[in-house]
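Structure first, commentary second.
The values are calculated or read from the model by the stated rules, or taken from the named source; none is laboratory data. All figures in this text were calculated on a predicted structure; none of them were measured in a lab. Glycine also receives a Cβ, built like all others from the backbone with ideal geometry; neighbour counts cover every protein chain displayed. Note: accessible area is taken over every heavy atom of the protein model, side chains too, but ligands, DNA and RNA are not part of it. Shrake-Rupley method; radii C 1.70, N 1.55, O 1.52, S 1.80 Å.
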Amino acid sequence: MIVRPIHTVPEVDDAWPGFRDMPPVFATAMMVGFIEQTCIEALRPFLRRDQLTVGTLVDVTHVSATPVGCSVTADVEFTGQEGKTFSFRVTCRDSNGLVGEGRHERTLVSRDRFMGRVQAKVGT
């Protein structure tokens with residue numbers, strides 16, 4: 001992906017004023033989202049239409065700032081499955097090297113059942 005202004009720390013959320021005066025570099029929150037998106041796409045060919053995966057663990061470091069306009073690559077390596085949980089080793093790099101690394105887990109769920117639980121929370 002190419003880091004755009006929308007992916008920078010000051011742009012994460014207007015409701016979080018502490019971020020507004022931070023440097024305009026690739027936000028950790030966006031790096032995590034990019035990692036999750038990459039893992040979602042890696043699993044998609046193996047899922048039925050009524051299935052999806054949800055992120056259940058993110059354990060990553062963010063070790064280097066990436067400015068707007070730079071390209072970032074997420075590499076995800078499937079490391080195993082335990083029950084319905086899929087584990088990945090994840091790495092993000094830009095043209096200068098390592099940006100972040102760690103692990104991520106996703107759990108297989110029924111789309112309808114998951115959405116039913118979400119809707120039940122709305123009613124409470």
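What to note about this one:
- The Rg/Rh ratio of the stretch 20-77, with Rg taken over Cα atoms and Rh as the Kirkwood radius over Cα pairs, comes to 1.05.
- Between the entries (i) 24, 19, 15; (ii) 21, 17, 13; (iii) 28, 20, 11, the label attached to semi-axes √(5λ) of the Cα gyration tensor in Å calculated for this structure is (iii).
- Comparing GLN51, MET22, VAL90 along the charge dipole axis of the stretch 4-124, the residue lying farthest to the positive side is GLN51, per the Cβ-charge model.
- Electrostatic dipole magnitude of the stretch 78-124 [Cβ: Lys, Arg +1; Asp, Glu -1; Cα centre; debye, to 20]: 240 debye
- Solvent-accessible surface ranking, highest first, for THR91, THR66 at 1.4 angstrom: THR91, THR66
- Mean residue ellipticity at 222 nm, helices only, the chain: -7500 deg cm²/dmol; runs of at least 4 DSSP H residues each add -39,500 (n - 2.57), and the sum is divided by the number of residues.
- Helix 111-122 axis versus longest C-alpha principal axis of the chain: approximately 80°, rounded to the nearest ten.
- Solvent-accessible area of ASP21, all protein chains in place: 130 Å² (probe radius 1.4 Å, heavy atoms, ligands and nucleic acids excluded).
- Electrostatic dipole magnitude of the chain [Cβ: Lys, Arg +1; Asp, Glu -1; Cα centre; debye, to 20]: 540 debye
- Three-way shape label, the stretch 56-100, alpha-carbon gyration tensor, a/c 1.5: prolate
- 0 to 90° range, to nearest 10: angle between helix 28-43 axis and the chain longest Cα axis: 40 degrees
- Over the chain, Cα pairs under 8 Å with separation of 6+ residues give a relative contact order of 25 percent.
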